Amino acid sequence: MSDSEEGPKKKKQKTSKKDRKSTDTSTSEKPSDTNTPTYEERCLAINIISSPLASKKSTKKAHKLVRKASQSKCLRRGVKELVKGLRKGDKGLAILAGDVFPIDVISHLPVLLEEHNIPYIFVPSKRDLGAAACTKRPTSCVLIKDKKNDGKEIDGKDLYDALTEEAKAYDPNSK
């Protein structure tokens, strides 16, 4: 054995979680969102059935409303859950992602929503819709229920009303 191996091994010093977090944030500083696509770039990736498409301002409102609805547990995420909610009689506002491929995944939803007299609107990105719904996975569609299970109104009622009016303006059944 050599002299260096015979000596006592030094123990690593333990650091608290606060110390580790503060050093992690300082060493791995993220650059500004240079690789995040803009609204216009996302609009280039939408499919042909994405009509009515929300404007940039309305998209921000929709994501804000989805986040509030997700936190207050009055949201149905995904195609299967949305269809199940429609069969059970849920009413509200449907927000669909415009960049879902293949189109067949959501092509039946606009017709189904019009039959149930539920207003719907498209946003450009399923990734952003999933992030707003507080999930790690992209979400192709969400249904925001107009009332909670206990009968109370939802948190973002003003956002809900504004987006519902905008979606009804495009509804072919209302004319």
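Nothing in this text is a laboratory measurement; each read-out follows from the coordinates by a stated rule. Predicted model, so just to flag it, every value in this text is computed and none were measured.
Here are some notes:
- Across every pair of non-identical alpha carbons in the range 39-174, the mean reciprocal distance, once inverted, gives a Kirkwood radius of 14.5 Å.
- Amide H within-cut-off set for residue 100, under 5 Å, with H built and near neighbours excluded: 47
- Rounded to whole Hz, the Karplus (6.51, -1.76, 1.60) HN-Hα couplings of the range 99-115, x for glycine and proline: 9, 8, 10, x, 4, 4, 4, 10, 5, 7, 5, x, 5, 5, 5, 5, 5
- Pairs from 64/88; 80/126; 91/136; 80/157; 60/147; 64/157 whose Cα-Cα separation, in the structure shown, is over 18 Å: 64/88; 91/136; 80/157; 60/147
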